[in-house]
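Where a number appears in this text, it was derived from the coordinates with a stated rule and is not lab data. Predicted model only: the values in this text are computed from it and were never measured. Please note: Cβ atoms are built from the backbone with ideal geometry, for glycine as well, and neighbour counts cover all protein chains shown.
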Amino acid sequence: MFGGKVSTCSQRNTYFFYLFAATSCAADDAATQAAASSDAAATEANTARAGGSDSGTNALVPLSNEDECVDKNPECPKSARYCNDAFFYEFMKENCKKTCGECELRSECDDVLPSQVCEDNYDYCYDPVYLNLMRQQCRKTCLFCPEFCYDTIENCASSLIYCYDPLYRNIMGFRCPISCKFCGGTCKDELANCAQNKHLCSNSTHKNFMSVRCSKTCGVC
């Protein structure tokens, strides 16, 4: 957790540890082990998604709490005076980023994940399996932001069958994102009999039609 997930208290700088004397080594080491387990699980999940091998690109993993604007220790506010101390600056920046005002400000249309990760996973932008995840993590790269999300051609309504076709979904994502419901917003069915026809969601002939007209029933939004 501290200093790049160092495990034992004896390896930590005693001056740094002094700041958070109320935090026991046992609790801190438990957090370190939990973080390591989380990292391992994320790696395993991405390996499975890639077919059991390293795909050679950055893995798409949602940011954990460690990447959010939070202090890693509840005692941080009591040590705010050390934020600009030359000796403690790096430690405070890493562990008390909220207290010290070191959080990176994001606009509503920024990618949450690093831009390179989003670009490497661009093909998943309009994949029904990853659509919601990509909306959350890579909204700028995938053009999901309201200012970018609009239909660019007039005949989208006549092409809805291609929205979830693997061969055309990226093209449709750029040309007809609103009509294809890629922009997010309210998740709803457009037809009254979607529930009765739920079995068609996975039917190869009707899957694309159902994904657009019965989005909620088919679980694509």
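Observations on the model:
- Likely footprinting exposure, D127, D111, fewest C-beta neighbours within 10 Å first: D127, D111
- Nearby lysines by direct alpha-carbon distance to K198 (threshold 21 angstrom, same-chain neighbours under 8 apart not counted): K181, K188, K207, K216
- The lysines within cross-link reach of K78, meaning a Cα-to-Cα straight distance under 16 Å and a gap of 8 or more places when in the same chain, are K93, K97, K98.
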